[in-house]
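The values are calculated or read from the model by the stated rules, or taken from the named source; none is laboratory data. Note that this is a predicted model, so its numbers are computed, not measured. Here Cβ is always computed from backbone atoms with ideal geometry, including for glycine, and neighbour counts include all displayed protein chains. Keep in mind that these areas ignore ligands, DNA and RNA; they rest on the heavy atoms of the full protein, side chains included. Shrake-Rupley method; radii C 1.70, N 1.55, O 1.52, S 1.80 Å.
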2 protein chains.
Amino acid sequence: MRTFILYSRGWTKPFSEKDLPGAGRMDIACRCVSAALFISYTIRRDTRFFISLNGGSQPIALCFDGRIRKISPDERSIGLWISKTLEKAQNGFGKEWKRTDNGILYAQKSFREILEELEKEGCEFYLLDEEGKKIEETTIKENPAFVLGDNLGIPKGEEKFAERVAEKISLGKTSYLASSCISVVHWICDGKGI
Amino acid sequence: MRTFILYSRGWTKPFSEKDLPGAGRMDIACRCVSAALFISYTIRRDTRFFISLNGGSQPIALCFDGRIRKISPDERSIGLWISKTLEKAQNGFGKEWKRTDNGILYAQKSFREILEELEKEGCEFYLLDEEGKKIEETTIKENPAFVLGDNLGIPKGEEKFAERVAEKISLGKTSYLASSCISVVHWICDGKGI
């Protein structure tokens with residue numbers, strides 16, 4: 001299983017698909033879902049993508065995995081489904097994951113709680129950071145979980161929390177879009193058969 | 001200069017940004033623009049991205065380069081600007097490139113004509129194909145131009161035309177989204193300083 005976790009400032013309440021950037025740069029989260037889950041004509045069954053939404057009073061966690069259905073790789077479609085999921089969440093939900101009809105998981109979890117859960121599962125964490133060790137020189141272990149931030153990065157406190165368990169790795173000195181990072185990490189892991 | 005050329009079945013007439021997939025999978029072209037031109041908080045000045053639109057009676061060529069302005073990396077924004085450019089094109093245009101106010105180039109050129117023009121410029125062509133030589137084992141020369149197809153690939157005739165001048169290279173056995181291919185190719189070229 002390959003895991004990605006995005007720290008996002010995306011809204012935790014429903015939003016209009018006409019202005020994804022205005023909903024806490026939800027466009028970034030949508031592009032990342034596309035890059036993480038979709039390959040030509042199908043989705044990756046061995047990958048899951050967590051979004052930690054922090055653009056509201058209480059954080060919400062979403063997870064897209066190989067069981068998503070009826071979702072296309074375009075940002076608008078993904079944005080619409082995220083917004084519908086947040087609508088559902090407004091009717092009450094807790095710490096336990098719930099799954100929508102089209103397979104999106106949601107729960108009232110913070111970024112730290114997502115990491116703690118994955119730590120218990122035995123994931124090996126890698127924090128994407130321009131100052132980290134070159135990914136080409138890093139041994140990526142089985143069951144890797146890659147941690148990324150949105151356009152504003154991961155807040156200092158959360159970053160420190162991630163650093164406790166994560167190895168910092170770098171794709172180089174260029175500051176890539178989060179979705180591009182995911183595409184490159186997938187390609188490297190595919191090549192190594194991880 | 002790094003160049004990408006996408007063969008797309010995207011519409012050659014204006015379309016609604018509410019249904020980019022319905023406009024000849026225009027969402028693919030938009031995602032590719034984002035992957036090709038955008039890095040964190042800025043755009044690549046040394047890259048240009050050609051789209052050969054073939055979803056109409058006459059093909060139209062668009063080009064996004066380091067001179068684009070007021071365009072955000074989200075699909076909707078890119079789609080809106082493409083549609084506006086096609087509106088302009090309906091008022092008449094020819095074989096010469098014209099530039100819109102926000103920097104998008106457009107001309108009445110076919111896929112073959114784009115390649116011919118780039119050939120005269122001295123580009124070194126690479127055709128992305130799962131059956132090609134592994135990109136890791138390929139020497140990417142200066143001034144590379146990477147040729148990709150949309151979800152249905154490049155039609156046989158056009159592919160043969162490209163093969164005349166292009167080396168076939170592969171990112172592996174996985175069939176990636178075109179936008180993911182662009183992200184990976186960029187990363188490889190960045191690392192090699194090409």
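General remarks:
- At least 50 Å² accessible surface lost relative to isolated chain, residues of the range B:1-30 (1.4 Å probe): B:K18
- Label points for B:R69 are taken 7 Å from Cα along Cα→Cβ. From this copy to the others they lie 5.0 nm apart, shortest first.
- Listed cross-link partners B:K70/B:K109; A:K109/B:K70; A:K70/B:K168; B:K13/B:K156; B:K88/B:K141; A:K173/B:K70 are compared with a 29 Å cut-off, the Cα-Cα value being larger for A:K109/B:K70; A:K70/B:K168; B:K88/B:K141.
- When the accessible areas of B alone and A alone are added and the area of the pair subtracted, with a 1.4 Å probe, the result is around 2700 Å², both sides summed.
- Listed residues B:F50, B:F38, B:F93, most fluctuating in chain B (Gaussian network, C-alpha, under 10 Å): B:F93
- Beta bridges by DSSP in the protein assembly as shown, antiparallel share as percent, to the nearest 5: 35
- Per-residue HN-Hα couplings for the range A:106-123 [Karplus 6.51, -1.76, 1.60; θ = phi - 60°; Hz; x = Gly/Pro]: 9, 7, 8, 10, 8, 3, 4, 5, 4, 4, 4, 5, 6, 5, 4, 6, x, 5
- Other-copy label distances relative to B:S175, 7 angstrom Cα-Cβ extension, nm: 3.8
- Translational diffusion of the protein assembly as shown, µm² s⁻¹ [Kirkwood Rh, Cα pairs; Stokes-Einstein; 4 °C; 1.567 mPa s]: 61
- Highest-MSF residue in chain A out of A:S72, A:S170, A:S57 [GNM, Cα springs under 10 Å]: A:S57
- Beta bridge orientation in the range A:1-140: antiparallel %, DSSP, nearest 5: 60
- Percent accessible area from carbon and sulfur atoms, the protein assembly as shown, protein chains only, probe 1.4 Å: 47
- Averaged over residues, the count of other Cβ atoms within 10 Å places the peptides A:155-162, B:73-80 in the sequence B:73-80, A:155-162, highest first.
- A:K18 label point (Cα plus 7 Å toward Cβ) to equivalent points in the other copies: 0.9 nm, shortest first.
- Once the Cβ-Cβ distance of A:N102 and B:K95 is raised to the sixth power relative to R0 = 45 Å, the FRET efficiency obtained is 0.45.
- Counting, for every residue in B:171-184, the Cβ atoms of other protein chains within 10 Å of its Cβ and taking the mean gives 6.
- Per residue, the solvent-accessible area of chain B (1.4 Å probe, heavy atoms of protein chains only, all protein chains present) comes to 42 Å².
- For the segment B:33-44, counting C-beta atoms of other chains within 10 Å of every residue's C-beta and taking the mean gives 3.
- Panel note: contact residues of the range B:48-92 (accessible area lowered by at least 30 Å² against the chain on its own; 1.4 Å probe) correspond to B:P73, B:D74, B:E75, B:R76.
- If the chain linking A:T139 and A:R67 were pulled fully straight, counting 0.36 nm for each residue of separation and taking away their Cα-Cα distance, it would gain 23.0 nm.
- For chain A, the relative contact order works out to 25 percent when only alpha carbon pairs closer than 8 Å and six or more residues apart are counted.
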